[in-house]
Amino acid sequence: MRDLPDDETWLIDRRRATGDRIRAERLHQNLTQDKVWLAAGISRGTFQRAEAGQEVTVSTLRRIAWVLDVPLSRLIDE
C-alpha cells in the first residue's frame, strides 16, 4: 500500500487526462457534445465538466462510456 501525495495535483492531473480522453474519443467518432450529453441523459454542464477534467460521478463517466461504446477503463486508465 502506498501513501497519498501531500497535495491533490496527482488527482487533478488524472481528471484532466480523463477529460482529454473523453474529448478525443468523441471527436474520433465525429460526435458533438450535444449528441453525447443528450444520449447519456446528463446535462450539458455535467458533460462539459467531464470533458474539462472536473470532478464528476462514476455514474456520469459510465453513462458517457456507454454512449461512446468504449469500456470505462479506456476513459479513466492511465
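Bear in mind that the values in this text are calculations on the coordinates, not laboratory data. Model, not experiment: these values are computed from the prediction. Don't worry about glycine lacking a Cβ; one is built from the backbone with ideal geometry, like all the others, and counts go over all protein chains shown.
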Worksheet item: By what distance, in whole Å, do the Cα atoms of the chain stretch along each of the three principal axes, largest value first?
Response: 40, 22, 19
Worksheet item: If the chain between THR57 and THR9 were fully stretched, how many nm would it gain, using 0.36 nm times the residue separation less the Cα-Cα distance?
Response: 15.4 nm
Worksheet item: Which whole-number percent gives the relative contact order of the stretch 4-51, counting Cα pairs below 8 Å spaced six or more residues apart?
Response: 40 percent
Discussion item. How charged is the neighbourhood of GLY41? Take every other residue with its Cβ under 14 Å from the Cβ of GLY41, and add Lys/Arg as +1 and Asp/Glu as -1.
Written reply: +3
